[in-house]
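These notes are about the structure you will find just below.
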Amino acid sequence: MSQPPVPAVVVRDLHVRFGEVEAVSGIDLVAEAGQATALLGRNGAGKSTTMKVLAGVVPPTSGTVLVAGHDAATESLAVKRAVGYCPDVGGLVPRATPWEHLQLSARLRRTDDWEPRGRDLLERFGLGDVAHRVVGGFSHGMSRRLSVVLAALHEPRVLLLDEPFDGVDPVGVEATMEVVADARARGACVLLSTHLRELALEACTTAVVLRGGSRVAAMEATSLSGEAYRALLD
């Protein structure tokens, strides 16, 4: 009898502390390959901190975090190689162009034949005409779109999108939805954090609701009605 597939992401009793502040308090999470999971909650719920741990950027204080089979506490470099990460803020070099960002990302990851996909992603996200302009003059929404492009460029096994819809126009929203669908179709795991419930339900199959650094619910995305969601947040 064949063994069941190993989840792409496994989080058990995750705690993250910054000095005296506990940003994440015992979160459990399982995310499967080929599926998209939404992390929902108000600002300060622990969404971005959890995403940073999954990306290998912030170490867990305690608990177990496995990403694509790698332990985030002891194999952070392997985790970074396995994921594509769109942070909630920052991550771009103001004096570099979008094309230069793609070049650097491809070089660091030793990605071959990336240029056709890079051009396609820039066009899909409405950035083709500004591919050679420095990003320091970009709007917030344009920067968010470029961050999603960079996360998706190398077709990672785990795609982490932290607030990808923040300040983004309809072109960027549609392109992000396409990136999520494409990732799922090739068997990647997608985790998407947002406070926009409607867009999360459109993009994702399952949802995890966080409040005050703790998980308060995990369910099929279609089960998360407006009233039920508001009750979980309060």
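Here are a few things to note about the model shown:
- Count of residues meeting criterion [in a helix (DSSP H, G or I) and either under 15 Å from Tyr85 (Cα atoms) or in contact (Cβ under 8 Å) with a residue 12 or more places away in the chain (or both)] in segment 159-180: 9
- Residues being within 28 Å of Ala185 (Cα to Cα), touching a residue at least 40 places away in the same chain (Cβ under 8 Å) and part of a loop (DSSP other than H, G, I, E, B) - total across segment 26-79: 8
- Any chance Glu202 is at pLDDT 95 or above and either farther than 26 Å from Val16 by Cβ or within 13 Å of the chain's Cα centre (by Cα) (or both): no
- Of all the residues in segment 181-196, those that are under 21 Å from Leu92 (Cα atoms) and in a loop (DSSP other than H, G, I, E, B) number 0.
- Screening Leu40 with (1) under 13 Å from the mean Cα position of the chain (by Cα); (2) at pLDDT 95 or above gives one miss only, at (2).
- Among the candidates Val134, Val168, residue that is surrounded by fewer than 22 Cβ atoms within 10 Å (Cβ to Cβ), in contact with a Ser or Thr (Cβ under 9 Å, 6 or more places away or on another chain) and either small (Gly, Ala, Ser) or more than 18 Å from Arg184 (Cα to Cα) (or both): Val134
- Residue that is touching a Pro at 6+ places or on another chain (Cβ under 8 Å), of a type in the set (Lys, Arg) and in contact (Cβ under 8 Å) with a residue 12 or more places away in the chain, where the choices are Arg109, Arg95, Arg144: Arg144
- Cβ-Cβ under 6 Å pairs, at least 6 apart or on other chains, segment 116-130 side in a helix (DSSP H, G or I), far side crowded, with 17+ Cβ neighbours inside 10 Å and of a type in the set (Gly, Ala, Ser): Leu122/Ala131; Arg124/Ala175
- Residues of segment 80-99 classified as in contact with a helix residue (DSSP H, G or I) (Cβ under 8 Å, 6 or more places away or on another chain), of a type outside the set (Gly, Ala, Ser) and either assigned to a strand (DSSP E or B) or exposed (fewer than 15 other Cβ atoms within 10 Å of the Cβ) (or both), total: 6
- Any hit, segment 212-232, residues being among the charged types (D, E, K, R) and under 26 Å from Arg144 (Cα atoms): no
- Filter pass, Leu108 being out of contact with any Asp or Glu (no Cβ under 7 Å at 6 or more places or on another chain), among the hydrophobic types (A, V, I, L, M, F, W, C) and over 26 Å from Phe165 (Cα atoms): yes
- Here Val10 meets the list (1) among the aliphatic types (A, V, I, L, M); (2) assigned to a loop (DSSP other than H, G, I, E, B); (3) more than 22 Å from Val149 (Cα to Cα); (4) at pLDDT 95 or above almost entirely, failing just condition (2).
- Subset of segment 159-181 (residues that are among the acidic types (Asp, Glu) and under 24 Å from Ala78 (Cβ atoms)): Asp162
- Summed over segment 137-158, the residues that are in a helix (DSSP H, G or I) and either β-branched (Val, Ile, Thr) or within 30 Å of Ser76 (Cα to Cα) (or both) give a count of 13.
- Qualifying positions in segment 153-185 - at pLDDT 95 or above and out of contact with any helix residue (DSSP H, G or I) (no Cβ under 9 Å at 6 or more places or on another chain): Arg184, Ala185
The values are calculated or read from the model by the stated rules, or taken from the named source; none is laboratory data. This one's a predicted model, so the numbers in the text were calculated from it and none came from an experiment. So basically every Cβ, Gly included, is an ideal-geometry build from the backbone, and we count neighbours across all protein chains shown.
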